[in-house]
Amino acid sequence: MDIMLSKGFRPTLIAVAVLASAANAGDLQITPSVSVDGTYSDNVELTANGKQSSYVNQVSAILDSQFTSRIAELNFNGSSTYASYTHNHDLDDSFRTLEADGRLFLWPDGLALTANANIRNGARNGARNSLADIVSGDTIEIRNFQSGLSYNVENLKYQLNLTSNISRQTSEDNIGDNNRIETTLTSQSTNSSQAIFWRINATYSDQENNEITGRQHIVDAIVGWRTPSKINPFIRFYNEDVSGNISQPQQNSGDATGVGISTKLSSHLLVSASYNFVVDDEENDDYVAATIEWEPSARTSLRAEYSKRFFGDTYLLDFTHRTKRLTNSVSYNESLRAFDRNTFQRVLVGNFFCPLDFETTSNSLTDCFQSQGATITPTDAQLVQVFEQQLIEGNEFSLNKELSWQSQLSLARTNFDLRFSHNRRESLTTNIEDNRFDATFEITRTISGKSTASLTYNFNHTQLDKNQIRSLGQDDYYRTLSISYNRRLARTLNSVISLQMVDRNSSDQLLTYEETRAVITLTKDF
């Protein structure tokens, strides 16, 4: 990692740490630990045939600390890992992770200085292998540093939340690198006895990478009047715009003014609807926007919205329901993003002379390499074109539609966890659509006061360029089954034994594989 990349953000992190440590009434907890992880993989190179087994040993030094005081909070978790591979020691390398965040309260009325840092190892190319980790290799270090100010006030008259941050993201391959300035403002009236009510949501972001810029702002505000009839009229203002020299859609802004009514159908149900007049009606039609807020109890809440933005209809959903043992949550939101690591392009790797049965019996290009001086005849080999999805710079705005559902059932000694998520990513310039569906079912059983066991099944389906999978896209299925047993051997010594099986099927035959891992982990706290 190039430490100089984070130089501009170290002063903020250091300031938070120093001032937190200087507080007299602070509580500091530091937990250093050492972890030894031994993993046996029967297919470490992830091929369908000619599998290569390996024993991967990881030794990690870990530091976990928390500090809290009247004026400051600081959390730090970092690790340094050295991994060695028995099948190829040229791959031996060190890896680092970091999760750190701090908050310094400048004075009691809600103003605070914030900072956080994140270092992780992610897949070098998610199309090649979205499950890439230290054992399988093909990972890169991704770093994100952020600092800013936050101001939060809530009283009997109004609620105000304001955040402003400067962040920088970098990676070893420079893809997705960007500098960002982002400001978010949410505020609303809280006094139901006042004649005037209002609400405002506003965001502004400015991103830059190698002189390519992308800016976005959204302002959504209403001002209304409460009436004795409980049918309250309001005026709505909406403005959105994306700009910069980044690739943009032909229609990139929206400006509307509307009138509407808000009414409480019951003490727990609020419904609002407005008719909005678009300023530039040559590009978009006038539209209706609606919001439903329902909170029948402290354990159940629902918020649903429908409106229009410059790219079309837009929806929002946030639902939670809790009972003594069961918790359900469902959410749906839509957001614009730029400079991410999710843009791929199908490229030709090369032309190879391969065995005649290559497409049915192999998925390794090593079968196509000829020894020096070998003679190739048409009856023994075929010419095969090999393509791959190459990760490229995401210098464009993309629309991300994300749906998630999580259910948790907690019994006396057993917990059940079911999670679903679906992400639809659409480029606003090329209209290329990528889909990702993920489902996880997990059972955790407390066997005794010192041991637990868990069973986890994960299913993932990823489609790149969904509408042109045969010619330009890629279709992947991942199925992962994991079984683990956790045993506390002593007060500061813990062990985990696990078995993991992965089955990947891809429209790109070269990426199809099966792998089984056996893992033993020992962790010692000091």
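What follows is calculated from the coordinates using simple rules that are stated; it is not laboratory data. Treat the numbers as computed from the prediction; the structure is a model and nothing was measured. Backbone-built Cβ (ideal geometry, glycine too); neighbour counts: all protein chains shown.
Values for this structure:
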{"quantity": "The chain - charge dipole about Cα centre, Lys and Arg +1 at Cβ, Asp and Glu -1, debye rounded to 20", "calculated": "2640 debye"}
{"quantity": "In Hz, Karplus ³J(HN,Hα) per residue of region 132-143 (6.51, -1.76, 1.60; θ = phi - 60°; x = Gly, Pro)", "calculated": "3, 9, 4, 5, 7, x, 6, 10, 9, 8, 10, 10"}
{"quantity": "Calculated [θ] (222 nm, deg cm²/dmol) that DSSP helices of n ≥ 4 give over the chain, each run adding -39,500 (n - 2.57)", "calculated": "-1000 deg cm²/dmol"}
{"quantity": "Spherically averaged projected area of the chain from its Cα convex hull (nm²)", "calculated": "30.3 nm²"}
{"quantity": "Whole-angstrom gap from region 166-237 to region 388-420, using each part's C-alpha centre", "calculated": "24 Å"}
{"quantity": "Sorted by Cβ neighbour density within 10 Å, fewest at the top, the residues TRP405, TRP225", "calculated": "TRP225, TRP405"}
{"quantity": "Gyration tensor (alpha-carbon) shape descriptor, region 132-260, a/c threshold 1.5", "calculated": "prolate"}
{"quantity": "Distance violations [Cα-Cα > 31 Å] among LYS264/LYS308; LYS157/LYS324; LYS401/LYS450; LYS324/LYS450; LYS157/LYS264", "calculated": "LYS157/LYS324; LYS401/LYS450"}
{"quantity": "Given charges at beta-carbon only (K, R positive; D, E negative), |dipole| of region 26-73 in Debye", "calculated": "40 debye"}
{"quantity": "For the chain, with +1 on Lys and Arg beta carbons and -1 on Asp and Glu, the positive-most of GLY449, ILE200, GLN390 along the dipole", "calculated": "GLY449"}
